Amino acid sequence: MKIYELFFLICWLARGYCTSDIHIGYQVSLAIPTSYSRGFIGRAFLMETDHNQIGPNFRGAISVEASNDKYTCSLDVFLGDVKVWSSGHLSQFYTIDKCTLQLTQYGDLLLKGGLDDRVGWKAGTSGQGVQRLDLLGTGNLVLVDAMNLIKWQSFNFPTNIMLWGQRLSSRTRLTSFPSNSSLSYSFEIQYDKIALYLYSGKSKYSYWEYTPSDLDGLNITYVELTSNALEIFNNENYRIGRITSDKTEPLRFLALGNSTGNLGFYYYSYDKGKFEASYQALNTSCDLPLACKPYGICTFSEKCSCIRLIKRGDGLLSDCTENVTEGICGRNDSQMLELQGVTSVLKSNPYKVNVTKEICANLCLDNCTCVAALHFSFEDDPAKPGECYMYGLARGVKQIERDGRLSYMVKVPKGTDQGHDKHSHWKKWIPIVVGVVDGVVLLLVLGGVGYYIIRKRRKSCADTGHSN
């Protein structure tokens with residue numbers, strides 16, 4: 001990876017850092033390579049906070065980065081080497097020739113590029129009396145007028161990171177995006193809980209929730225990150241809950257992981273010279289929504305095992321990468337296979353309530369967007385009515401101890417599994433038969449069998465010697 005970090009004249013080169021403000025009329029450009037260079041990153045650091053805080057300082061920069069055979073242009077805020085805010089978080093600005101940051105005479109902050117100076121991002125503060133751009137000690141990038149009144153701030157447009165002192169309300173959320181995927185994660189504030197969600201198309205599924213015990217009929221209004229906890233407040237500004245850090249060191253930021261979707265608190269470790277996690281919402285990999293590939297099961301040993309679907313005459317149907325139900329819809333072309341001893345970490349509102357497992361299976365079969373279903377019986381009897389949950393993706397599946405109330409089913413092409421009952425649209429399917437076996441359990445089983453064979457042979461030899 002080629003990284004070019006450039007300092008412009010606004011930086012105090014002799015002192016090794018930049019000023020923390022930019023005034024109207026300011027403009028700076030960063031050249032974009034004429035040919036595509038994979039991994040290219042070019043940055044011009046323009047602003048820096050004072051050196052009187054814990055750990056690294058905040059720095060503001062314009063960046064040019066290679067992405068998808070093109071170059072992006074963005075305004076970024078860094079805490080040390082961690083990008084904590086970016087203008088291109090939700091929508092990338094692709095351009096050629098140059099990346100230009102300008103604070104116009106009319107008080108608007110904008111990014112433009114190309115041969116025609118096309119505007120790709122702007123703050124939208126023209127005519128509001130903006131005088132300068134400031135980078136505060138909290139990492140908040142603000143546009144202020146002559147009275148130091150804030151007209152625009154980056155804290156109102158969060159990315160996947162929440163900084164110390166920053167508030168997050170029900171109108172905003174943290175978002176992150178796994179690479180090479182159409183899925184996304186979010187951290188959201190609901191009226192009665194805070195939660196992590198996985199978005200897939202128009203559907204969203206929660207995979208972690210925290211409900212304060214002291215709601216007392218009032219709604220959650222906002223959360224704020226302090227030096228040792230995430231504080232939760234109601235509409236009377238009364239703290240009703242908190243999630244504390246596991247370390248005594250002061251927190252610098254909270255992050256929603258791009259690859260994992262996990263929520264973590266981070267402090268700066270002087271010993272290691274980097275940011276370390278002091279709290280993780282999800283402590284085991286099997287509780288992560290994308291721990292395994294599609295149609296994979298996270299086992300007790302936190303390893304991924306594919307759901308091996310055997311189709312008559314065609315060999316193995318799934319290798320954890322295929323969409324086995326693509327283009328398949330209706331009971332004539334598909335059936336449901338039940339996976340015993342597994343569930344999904346993904347949760348949503350029930351699609352139907354007070355329905356049997358067979359009705360739940362048929363609802364998924366008749367829905368072209370459904371690929372899996374979960375039936376939760378009200379009693380310890382799968383034949384009894386219960387809640388039916390439907391999924392548009394087969395992810396977040398993990399192995400659990402057998403629970404007679406739970407039935408997780410996946411949609412497969414008709415004729416999958418040679419032993420299925422032709423008169424039924426769903427079939428019980430035991431994972432251990434088709435290879436979803438925890439490696440530790442398998443070793444124990446094999447070890448037990450070996451021990452049994454050895455003991456039997458020794459006994460047989462002893463009986464033979466005694467008879468002689």
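The values are calculated or read from the model by the stated rules, or taken from the named source; none is laboratory data. Owing to the predicted nature of the structure, the values given are computational and were not obtained by experimental measurement. All Cβ positions, glycine included, derive from the backbone under ideal geometry; neighbour counts span all protein chains shown. What goes into the accessible areas is simple: the full protein's heavy atoms, side chains included, and nothing from ligands, DNA or RNA. Shrake-Rupley method; radii C 1.70, N 1.55, O 1.52, S 1.80 Å.
Values for this structure:
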quantity	calculated
Mean Cβ count within 10 Å, highest first, over the residues of peptides 103-110, 388-395, 155-162	388-395, 155-162, 103-110
Carbon + sulfur, % of accessible area of the range 59-214 - ligands and nucleic acids excluded, 1.4 Å	46
Cβ-Cβ FRET estimate between Ser301 and Lys98, R0 fixed at 60 Å, reported to 0.05	0.70
Whole-number accessible area per residue in Å² for the range 61-210, which is evaluated in the context of all protein chains at 1.4 Å	44
Rounded accessible area of Phe376 (nearest 10 Å², 1.4 Å probe)	60
Lys303 accessible area, 1.4 Å probe, all protein chains in place, Å² to nearest 10	130
Shape of the range 59-158, Cα gyration tensor, a/c cut at 1.5	oblate
Estimated inter-spin distance, Ser170 and Asn367, nm [label 7 Å along Cα→Cβ]	2.6
Distance (nanometres) between label positions extended 7 Å along Cα→Cβ at Asn258 and Thr244	3.4
Per-pair calculated FRET efficiency, R0 = 25 Å: Tyr36 and Ser203 via Cβ, rounded to 0.05	0.10
Local net charge near Tyr391, Cβ-Cβ under 11 Å (Lys/Arg +1, Asp/Glu -1)	+3
Contour excess over end-to-end distance, with Cα ends at Thr226 and Asp192 and 0.36 nm allotted per residue	10.1 nm
Theoretical gain in end-to-end length, Gln280 to Val119 [0.36 nm per residue, Cα-Cα removed]	54.0 nm
The range 360-417, accessible surface, carbon-and-sulfur percent (1.4 angstrom probe)	48
Förster radius 45 Å - calculated FRET efficiency between Asp403 and Glu236 (Cβ-Cβ, nearest 0.05)	0.65
Solvent-accessible area of Val353 with every protein chain in place, 1.4 Å probe, in Å² to the nearest 10	90
